[in-house]
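All remarks here apply to the structure that follows.
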Protein chains: 2
Amino acid sequence: MIFKNQGSSIKKSNTISKDDLINIYGSYSYEFTQKNNEEIFVCSKCKELDLIELDQLLQTVGWTRRPIRRVKRALEFSILVVGLWRHDDKFPRLVGFARCTGDGILEATVWDVAVNPVYQGQGLGKELMKYILRELKNIGISKVTLFADAKVVTFYKRQGWILEPRGSKCAFWYAN
Amino acid sequence: MIFKNQGSSIKKSNTISKDDLINIYGSYSYEFTQKNNEEIFVCSKCKELDLIELDQLLQTVGWTRRPIRRVKRALEFSILVVGLWRHDDKFPRLVGFARCTGDGILEATVWDVAVNPVYQGQGLGKELMKYILRELKNIGISKVTLFADAKVVTFYKRQGWILEPRGSKCAFWYAN
């Protein structure tokens, strides 16, 4: 079965075999479907990212471009890097991303949470965050932090994040 | 010359020779004196920390105790760990501390900034933060973040930190 999406022909498949899941997305990947839709999405911390594709994704959410060489190194030094793919047997498409830094022992901080605007409003960001928190919990981290832009504060609140506990404020320092 | 401070006899010295500075505190250490006072303080990212002494320092600022084994690992996975010592040739005393996590490329986050209450209000925290920002700048990081408790918001503001740029909020998630 073939259907059209954004000008490309994508084979539709409603399930992924366990073997395929691991072959394409690596271990510890997490498969889910959207509500009211038969497309399959997969979160994975193991599948290698194409940095050009990542750069394009981050541009769709309007972020400042960063040199790819620096992004590559930043990912290497992150403690968790997660891609969210719209599944396709041959050409999975990167539609979401997030990463965490931190000591990996006492705390972690989530950065660069992005979902392609075309796929927003379908619960993908929520699944992505669920996957991240579960992975961090698995390595024993009990406190996770993030800096939320004004427009996504509600999104995190709804998912049980506590905003500014005890009057905490976030502060940024920029080198000249 | 001997003077009394908190029940212990501490040799007073107004300067440290360059050799002594490196021998005691390691390379890249930063020596300064307080205003109106002749005590010498030293920030260092190289001098090894005594974890018991660190635990005692963090208790003086009223923080929840954390298992020392986990703290040790957290320090190992931090990208910058800084001690602030009141100088003494034989027994430097740890009076301040801070550490940073992050990818070390695009961003860093400052954690656990602590100055022993006995030494607060003398500009030590300011010097400690200056040292940290300089070190982070040296490795090319241009954006540094931190979560400021309500009571220290003014402290960071005065030093040029930007609070909640573009309406950012900090959000915390705690594992059950």
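The values are calculated or read from the model by the stated rules, or taken from the named source; none is laboratory data. Predicted, not measured: the structure shown is a model, and the values here were computed from it. Reconstructed Cβ throughout: ideal geometry from the backbone, glycine too, with neighbour counts over all protein chains shown.
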**Request:** For residues that are over 15 Å from B:PHE91 (Cβ atoms) and among the β-branched types (Val, Ile, Thr), scanning just the range B:19-68, find the one that is surrounded by the fewest Cβ atoms within 10 Å (Cβ to Cβ).
**Result:** B:THR64
**Fill in**
Checked B:GLY96, B:GLY121, B:GLY104 against criteria (of a type outside the set (D, E, K, R) and within 12 Å of another protein chain (Cβ to nearest Cβ)); the one match is B:GLY104
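Can you report the number of residues in the range B:59-80 which are in contact with a strand residue (DSSP E or B) (Cβ under 9 Å, 6 or more places away or on another chain) and under 15 Å from A:GLY104 (Cα atoms)?
6
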**Exclusive hit being within 13 Å of B:CYS170 (Cα to Cα) and not hydrophobic (A, V, I, L, M, F, W, C), set A:GLY167, A:GLY102, A:GLY96, A:GLY125** = A:GLY167
**Item:** Whichever residue in the range A:139-176 is surrounded by fewer than 21 Cβ atoms within 10 Å (Cβ to Cβ), of a type in the set (Ser, Thr, Tyr) and not in a loop (DSSP other than H, G, I, E, B) and, among such residues, is nearest to the other protein chains (Cβ to nearest Cβ)
**Value:** A:TYR174
**Asked** Name the residues in the range B:86-108 that are within 24 Å of B:VAL144 (Cα to Cα) and within 16 Å of the chain's Cα centre (by Cα), would you?
**Response** B:VAL95, B:GLY96, B:PHE97, B:ALA98, B:ARG99, B:CYS100, B:THR101, B:ALA108
**Asked** Hey, does the range A:161-176 have a residue that's at pLDDT below 95, of a type outside the set (Lys, Arg) and under 22 Å from A:TRP85 (Cα atoms)?
**Response** no
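Among the candidates A:ILE79, A:ILE40, single out the residue that is farther than 24 Å from B:GLY102 by Cβ and β-branched (Val, Ile, Thr). Talk me through it step by step, then tell me what you get.
Details: A:ILE79 fails: farther than 24 Å from B:GLY102 by Cβ.
Matching residue, one of A:ILE79, A:ILE40: A:ILE40.
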**Request:** Sort out for me the strands (runs of 3 or more DSSP E) sitting completely within the range A:55-125 that have 3 or more residues that are farther than 19 Å from A:ILE24 by Cα.
**Result:** A:93-102, A:107-115
